[in-house]
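Only one structure is covered here, and it is reproduced in the block below.
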Amino acid sequence: MPGRLLNIRRTAGALSIITAALLTASPAYALSGGDEVTGKTQPFLAQIQIGNPGDTNARSCSGALVAPQWVVTAASCFGGTAANGYQVTTGSPAAQATLPGKLGVAITRVVSHGDRDVALARLAYKMTSVAPATLGSTAPTTGDSVSASGYGRTATDWVPNLPRSSAFSAAVDSDTTLSLAGAQDTCKGDAGGPVLRATATGTELIGVNSTSWQHGCLGETTTRQGSEEARTDNISDWIRYQVDPVNSWAFLPGSGPFFPHSKTVTSRAATGVGHSASLTGQHATDIVGRRISDNALVAYQNNGNTTVDDHSLKAGVVIGTGWDVYTMFQQTDINGDGVSDVIARGTDGTLYAYLGTGKLNGTSTFNSRFIVGRGWNTYDSVFAADTNGDGKAELFGVKTDDVDPTQLSMWGYTNTGTVNGTSTWQPGVKVATGEKEVVPSGFADFTGDGKADLFLETNYANGVNDLAVLDQYANGVDTSGAPKQPVTYRVGSGWTPQQLLTIGDINGDGHPDLIGTATDGTLNSYVHTGTFVRDSGHGAGTFGAPILTGRAWNVFDIIT
């Protein structure tokens with residue numbers, strides 16, 4: 001005997017073009033019975049249209065907004081099945097989600113959980129005026145009273161005028177599923193709709209509609225009854241992680257040349273992986289800033305003393321003039337000699353390199369500049385870091401993604417190992433994408449595994465920003481040597497007072513530290529404790545309390 005049917009409504013043919021004016025001929029009473037739902041009672045209830053109405057593979061489902069830019073729904077709406085591990089197909093056909101009283105919003109990405117019929121759909125922009133559903137995390141028990149909602153057909157209407165909700169009694173089948181029993185069943189079009197439980201403070205989401213016998217649904221004649229739901233209560237932390245913009249950055253297949261799976265560096269304690277060397281080749285990173293008043297480049301040699309406030313940097317030395325011709329610059333080691341070089345982007349997008357002499361000697365600290373690239377003004381930001389452990393910096397550029405303009409993409413350029421003008425780096429490859437609210441700004445070995453980790457800074461509209469580290473090796477590697485699921489850890493929050501921030505080894509211990517200016521002009525160092533604390537994804541305790549490193553640094557507009 002065939003099993004329960006997927007609650008996905010096909011919208012091909014004439015049914016897909018019925019207008020609202022024609023949908024009022026007869027009343028309908030919930031899924032296959034029940035009550036109409038309005039935007040006031042369930043503003044988060046979403047209708048999902050996959051493909052264009054009338055197309056052969058067009059279909060519709062339901063869902064619930066769980067974050068301003070994310071809707072939870074059923075993986076089966078996007079081709080996920082138990083047989084394929086609920087892997088979803090995206091990109092074609094096009095999909096959009098519509099919330100009560102709102103225009104349809106394109107779905108740009110779909111992420112499936114993997115062990116149940118649950119997926120998250122990312123919207124093209126945020127629905128900031130809609131209150132998301134509250135995620136429940138308490139396990140249901142058999143006999144709980146719940147409700148299920150959706151935009152599916154009813155007992156009398158193929159396409160009802162309003163979504164509907166019905167009451168059910170829940171039974172816990174397993175860690176991944178619930179069964180619902182009641183006077184009605186969920187119907188085609190209800191897949192992905194929310195299963196809600198009432199609490200003392202309101203309703204909370206504990207599951208999504210998956211399959212049913214569709215008893216009482218228009219066009220169905222079965223006498224069997226019952227609906228199966230995918231549980232969300234015990235994956236609420238996974239949902240929260242996925243919808244958090246900080247966790248949106250992911251490396252793309254093919255980025256392996258930048259991050260070799262088996263490469264572990266043990267002999268570069270002087271500079272570590274990713275963060276810069278020093279101007280003189282010593283262990284501690286020197287600090288360089290562009291002075292606003294005269295556009296001079298000023299260097300401060302670092303003696304590595306972080307035990308006493310304001311005693312780690314020597315007096316500043318002017319090492320360059322006329323640096324207003326650059327929109328950005330950064331210390332890095334291009335040729336692997338352990339001495340800081342500088343890359344600098346001109347106002348016309350030309351990228352220049354200055355090789356360090358190893359001596360802090362005024363304007364002779366660097367050799368003459370030479371061109372290493374053109375057209376780099378296509379990137380919003382540019383930074384350099386050694387990410388493959390050969391001691392020679394790769395280049396990275398961040399810009400609005402060409403495929404999904406709601407996201408950023410990061411492009412990487414591998415160092416060829418030979419300083420040779422515009423051939424110093426190989427052609428760029430897109431290596432990662434993520435939300436625009438979170439911006440990559442460097443690489444360093446924060447976790448202590450000898451591999452480069454991506455450093456992220458949030459750019460929230462409210463100005464309360466976080467710092468995070470993406471550890472792509474957090475869960476090890478698979479049998480092919482490729483990284484398993486990466487994890488992003490917050491390592492700082494409330495960084496609004498920090499005006500300029502850079503990565504370096506301020507005390508010469510081989511661990512990357514953070515150096516930043518505050519609104520009062522003080523320069524503070526946040527020294528790596530030597531231990532990367534993986535504390536429920538928050539990285540608490542990785543950096544120590546701020547150490548005063550300098551005063552009156554608000555005279556600079558760039559530091560590195």
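All of the numbers you see were taken from the coordinates with simple rules; none came from a lab. Computed from a predicted model, the values in this text were never measured in an experiment. Because the Cβ atoms are built from the backbone with ideal geometry, glycine has one as well, and the counts that use them run over all protein chains shown.
Here are a few things to note about the model shown:
- The distance between label points at Q485 and T41 comes to 3.6 nm (points 7 Å beyond Cα on the Cα→Cβ vector).
- Cα centroid of region 356-405 to Cα centroid of region 151-201, whole Å: 55
- The packing ranking, built from the mean of other Cβ atoms within 10 Å per residue, places the peptides 442-448, 230-236, 353-359 in the order 442-448, 230-236, 353-359, highest first.
- Label-to-label distance, nm, for residues given as D309 and D55 (7 Å Cα→Cβ offset): 6.3
- Region 60-164, Cα convex hull volume normalised per residue, Å³: 141
- Potential lengthening between A181 and A545 on full extension [0.36 nm per residue; Cα-Cα distance subtracted]: 125.4 nm
- Length gained on full extension, Y460 to N367, computed as 0.36 nm times the residue gap minus the Cα-Cα distance: 29.5 nm.
- Modelled this way, with points 7 Å down the Cα-to-C-beta line, the labels at Y125 and A552 are 4.7 nm from one another.
- Debye intensity ratio I(q)/I(0), log10, region 314-433, q values 0.10, 0.11, 0.19, 0.23 Å⁻¹ (C-alpha model): -0.31, -0.38, -1.03, -1.38
- Entries in K40/K436; K102/K188; K392/K430; K359/K392 that, when Cα-Cα distance is taken, lie over 26 Å: K40/K436
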